[in-house]
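To start, the structure under review is shown below, and the notes come after it.
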Amino acid sequence: MRSTMFNKMLSCRLELNVYRISLRTFCTDQKQSFSVISFYKFKKILEPKELVETLRPCLKEIDVKGRIYINTVGINSQICLPSGKTDDMKKLFADYFSKNINYKVHYSNFQVFNRLRLSNKKLVDGMDDNFNPEKVGKHLTPSEWNKTLDDAEQDKPLVLDIRNYYEWQIGRFKDSQQQKLRTFNEFDDYADEIENSVEKDRKIMMYCTGGIRCELFSAKLKERGFKDVNQLDGGIIKYGLQPDTHNWEGNLFVFDDRLVVPVDGVTDSPKKEIITCCRHCGRQVETHYNCANTKCNNVFAACDVCAVKFIACCSEKCSTDQNNYIRRNSKQVNLKRSIGKGEHFRLMLDQLS
Ligand SMILES: [Zn+2]
Ligand SMILES: [Zn+2]
């Protein structure tokens, strides 16, 4: 166990650094010099491996970082690049995919990814080469989505959140079912569960972060005989970019270094709404961590005081487990399984090691 003195020291150093981050955010907020862009496009690609290698140098040239997955079905992408190079990026994807891509854009004052991961792999887990984008649920625009939710009196639709449980905890549509999914490999089990418990003609409305997971999941429910399957077009990101977001509560979890943003993606937006609490003490807090015990990998919210006290672990057990404890360090933060990549979290790990 660490001495109280040492803990105090850590808290001070940490507070100082947190202060530095907020100062930096404050000072450069006007610039918003990076664009964080999310999109996917279904298009038959005959030689995905070759296309990956063709695109790689072009993307490096315009400083694109983030995740881009390409396979025979199309492309799925969450990227960040200097805002001035957005037109070059759009031209590139127009040449190789389509002029008609629905780009969803947030702005940031720093690069939110640390490298480019461009590969020939499934666009999302479970979406294989046989996926047919014609057989998915009905797309609702954000205003149709709001209207359907607002108008429902009796016969309430079933609102499904097609994300992980920790994403749901940070923010969600009112009336959505609590999500228990830990990985998207559990999609089939989840679809079975709905098949066995929900009437086939009940209206189903589903949403996810950028829309692509719903393409897959809505198809699975239609296959199982559900008749009225709807999905939020462009996901929560697109919904957040239009003015009327009254059916949303909380913030939005994003898989990049920002980690949690207001639903409209604007730093310090009046739409920012914290609904998560520190796992240890219950104080309202927005900072999230991947448990520092790599054997655990839980994602949780914690206040600075408790994060130091439990050495960035999700529980007393994780922080003191002699047999299983392999402490995550700031380099390991970027390992494949790691989710909590926030700058705040990395800083914490550096302070603790
Ligand atoms: Zn706490
Ligand atoms: Zn843990």
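Only the coordinates and a few stated rules stand behind these numbers; no lab work does. Remember, it's a predicted structure, so these values are computed and weren't measured experimentally. Note: ideal-geometry Cβ built from the backbone for every residue, glycine included; neighbour counts use all protein chains shown.
With charges only on Cβ, +1 for K and R and -1 for D and E, what is the dipole size of the range 133-250 about its Cα centre, in debye, rounded to 20?
Approximately 180 debye in magnitude.
Please list 68-78, 189-199 highest first by mean number of surrounding beta-carbon atoms within 10 Å per residue.
In descending order of packing, they fall as 68-78, 189-199.
Using packing as a proxy for protection, rank 123-131, 150-158 so that the peptide with the highest average count of other Cβ atoms within 10 Å comes first.
Ranked by mean Cβ neighbours within 10 Å, highest first: 123-131, 150-158.
Efficiency by 1/(1 + (r/R0)^6): what FRET value for residue 100 and residue 274, r their Cβ-Cβ distance, R0 = 45 Å, to the nearest 0.05?
0.75
Specify whether the C-alpha gyration tensor of the range 34-120 places it in the rounded, prolate or oblate class, a ≥ b ≥ c being the square roots of the eigenvalues: rounded for a/c under 1.5, otherwise prolate if a/b is larger than b/c and oblate if not.
The shape class here is prolate.
Cut-off under 28 Å on the C-alpha distance; same-chain residues fewer than 8 positions from residue 317 excluded. Which lysines are left, in chain and number order?
8, 180, 295, 309, 331, 336, 341
Please sort 49-55, 287-293 by packing, taking for each peptide the average over its residues of neighbouring beta carbons within 10 angstrom, highest first.
287-293, 49-55
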